[in-house]
Each structure stands twice: as structure tokens, then as C-alpha cells.
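The values are calculated or read from the model by the stated rules, or taken from the named source; none is laboratory data. A quick note: this is a predicted structure, and the numbers were derived from the prediction, not measured. Quick reminder, even Gly has a Cβ in these numbers, built from the backbone with ideal geometry, and neighbours come from all protein chains shown.
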Amino acid sequence: MPYLTSEDDVFLHYTDEGKGATIFLIHGWTVNHKFFKDNIMVLSKTHRVVTLDLRGHGHSWSRPSTCNLPQAARDVRRVIEHLDLDDVTIAGWSMGAAVIFNYFDLFGGEKLKGAVYIDMTPCILKVDGWEHALFGSLDWRMAVKLQRDILVDRLTFASGTVSACFKGGKCPDEATLEWGVAESMLTSTEVTLEYWTSLLNQDWRTQLPETPVPVLLTYGAKSVVYPTALGEALHRMIPSSRLVMFNDSGHSPFIEEPERWNEEVVRFAA
């Protein structure tokens, strides 16, 4: 189980499989790299596939008050430098895409040749002129209530979060739900709230037209997490982008339609 040490001495767990052009997969909020397990198995047959458990997630350690999106982007950069990677196609699911937004802010397009966004918005709050918020309706009042729900009953919150990842907001089977909740519960409540606060305080809409690398947008047509026409909106905002809609997926097209998602990413990476 490979680890490296961050610049602030946090042990970060990563995986490195296969050979060829590099695809770097970044997971979402409260989960870990194992959610990409089927993608890694397929993609690593033709590519070098790297993942990272973001600090405080999975098998990576954390420090108090350091679990935020800019630091996550610096940790990604640390992995890229440690493995001497270049021309990386970086893919981020949900909060993982927000990590990529922060990477662009800190490092531009250095070491990257393309980015894949998986069902994520540049601004999770519903504000004037922006309808593509989390659940299509998240405002500050709802954000505070969600924070309270995390503190009151983390297990119920984890169950709801995992279910919301699938089309219609329903897990395909009980075994998938139990596995997803168990992995999510590895992330402490404190870490969960730190990243939530970081997400709430970011808005990357003005960055999108200046995105330094081409972008592949992969969005689920049946997402309850982002039920609005978010993919189409981002396609209009990012000049060098391509939109692929997954009609039988919710928030997790790489899990729900893995064969097609893998094919699209391989085509884009080429």
C-alpha cells in the first residue's frame, strides 16, 4: 500500500497501476479511490492509472484544519511530482472536480493535458443568476441544516449521500449501499465538515472560460444531485469542452455506465 508524505507531513495513500499515458482519478466527498475500482481495472490495461485518497479520506491521514480544497489540490500536485508525471489527464468526480478547479487556480495547466469533470458544479449554492446549485436548490439555510444533519446522525447522512449518487437517488441494491456507507464512514465527521465549509465558500464560474486545458464533461441525465441542465451550461462556459450525457446514470456515470464512461475517457485522453 504506497504512501507519500505531504509538505506538512501528512501520510497520503495513492495507487499506481498500469503503463502508458497517465489518467489521474480523484474521488468525491467522504468516499475514496475504491469507488473507481472497476474503472482502474479496465483503464490500467492501456494506461497508467493513478488515484489518491484525499487527506482525511480512505487510508490517508489528516491534520486538524487542513482538510480543504486548496490543500487537496496541493496534495494532488505532490503525487504528480513524486511519480514524475506529465501530460496527465485528470478526472474528478463531484468534489474531486472542485479539487481540479483549485489545481488550476494554484498551478494553471502545469503537468496536465486534459480534465474530466464528473457531475459537478463550479458553485454549489443557488445565487442570483445561477440555478445549477447542489440539488438545484441549495441556499445558505439549507446548507446549515445539512451541516446539522451531519452532526446529529452521521450514519443516516452517509446512507442518504451514497443513495443520492445513483439515478433517481436510489442505490441499485442493498449490498452496494452497505459497502458505500462503510467506505464513507472512514471519513471522520470533523473532516467531512471541513471540506463542506471549503465547498460552500468557493465559486469558480469566472474561471471556466479561462480553463487552461481541454475538458470532457461527463454528466448523468438522471442525477438528483444536479437535476438541472448543468452539463449544457458548463459546455457553453468552457470554450474547449465536449459534453457527454449518460442517459441511464445519476451522479455516478463511471459506476452506473462504466463501459461507456471508460471508452469516452480513453478517447479523450488520446
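Of the residues making up the stretch 13-32, those that are touching an Asp or Glu at 6+ places or on another chain (Cβ under 7 Å) and either modelled with pLDDT under 95 or crowded, with 24+ Cβ neighbours inside 10 Å (or both) number 1. Among the residues making up the stretch 199-218, those that are closer than 17 Å to Met95 by Cβ and part of a loop (DSSP other than H, G, I, E, B) are Asn201, Gln202, Asp203, Trp204. Selection of the stretch 89-104 for residues being touching a Lys or Arg at 6+ places or on another chain (Cβ under 9 Å) and farther than 13 Å from Leu25 by Cα yields Asn102, Tyr103. Across the stretch 237-269, the qualifying residues are those that are without any contact (Cβ under 8 Å) to a residue 40 or more places away in the chain and of a type in the set (Gly, Ala, Ser), and the one among them that is nearest to Cys171 (Cα to Cα) is Ser241.
Taking Val99 as the residue in question, decide whether it is of a type in the set (Val, Ile, Thr), within 16 Å of the chain's Cα centre (by Cα), outside any helix (DSSP H, G or I) and on the phi < 0 side of the Ramachandran plot. No: the conditions fail for Val99.
What number of residues in the stretch 9-42 are out of contact with any strand residue (DSSP E or B) (no Cβ under 8 Å at 6 or more places or on another chain), of a type outside the set (Val, Ile, Thr) and in contact (Cβ under 8 Å) with a residue 60 or more places away in the chain? The qualifying residues number 4. Can you tell me which residue within the stretch 165-198, out of those that are β-branched (Val, Ile, Thr) and not in a loop (DSSP other than H, G, I, E, B), is surrounded by the most Cβ atoms within 10 Å (Cβ to Cβ)? Per the criteria, the residue is Thr192. Is there a residue being of a type outside the set (Ser, Thr, Tyr), farther than 22 Å from Val31 by Cβ and modelled with pLDDT of 95 or more anywhere in the stretch 191-205? Within the stretch 191-205, one or more residues are of a type outside the set (Ser, Thr, Tyr), farther than 22 Å from Val31 by Cβ and modelled with pLDDT of 95 or more. The single condition among (1) at positive phi; (2) out of contact with any His (no Cβ under 6 Å at 6 or more places or on another chain); (3) small (Gly, Ala, Ser) that Gly109 does not meet is (1). Looking at Leu234, Leu230, can you tell me which residue is in contact (Cβ under 8 Å) with a residue 24 or more places away in the chain, crowded, with 19+ Cβ neighbours inside 10 Å and touching a Leu at 6+ places or on another chain (Cβ under 7 Å)? Testing whether each residue is in contact (Cβ under 8 Å) with a residue 24 or more places away in the chain, crowded, with 19+ Cβ neighbours inside 10 Å and touching a Leu at 6+ places or on another chain (Cβ under 7 Å) leaves just Leu234.
Go through the stretch 145-180 residue by residue and tally those that are farther than 25 Å from Ser249 by Cα and acidic (Asp, Glu). Residues meeting the conditions: 2. Taking Gly109, is it under 22 Å from Ser240 (Cα atoms) and in a loop (DSSP other than H, G, I, E, B)? For Gly109, the condition - under 22 Å from Ser240 (Cα atoms) and in a loop (DSSP other than H, G, I, E, B) - is met. Can you confirm whether Val144 is without any contact (Cβ under 8 Å) to a residue 12 or more places away in the chain and either assigned to a strand (DSSP E or B) or β-branched (Val, Ile, Thr) (or both)? Yes, satisfied.
Do the conditions hold for Val215, that is, is it crowded, with 21+ Cβ neighbours inside 10 Å and touching a strand residue (DSSP E or B) at 6+ places or on another chain (Cβ under 8 Å)?
Yes, satisfied.
Residues in the stretch 16-59 that are of a type in the set (S, T, N, Q) and in a strand (DSSP E or B) were compared, and the one that is nearest to Arg74 (Cα to Cα) is Thr51.
Of all residues in the stretch 110-159, those satisfying the criterion of being of a type in the set (Lys, Arg) and farther than 27 Å from Val88 by Cβ are Lys126, Arg141, Lys145, Arg148, Arg154.
Among what's in the stretch 59-95 and is among the β-branched types (Val, Ile, Thr) and more than 12 Å from the chain's Cα centre (by Cα), pick the residue that is surrounded by the fewest Cβ atoms within 10 Å (Cβ to Cβ).
Going residue by residue through the stretch 59-95, those that are among the β-branched types (Val, Ile, Thr) are 66, 76, 79-80, 88-90.
Next, only the ones that are more than 12 Å from the chain's Cα centre (by Cα) stay: 66, 76, 79-80, 88-89.
On the way: Thr66: 18, Val76: 28, Val79: 20, Ile80: 22, Val88: 24, Thr89: 23.
For the stretch 59-95, the residue satisfying everything is Thr66.
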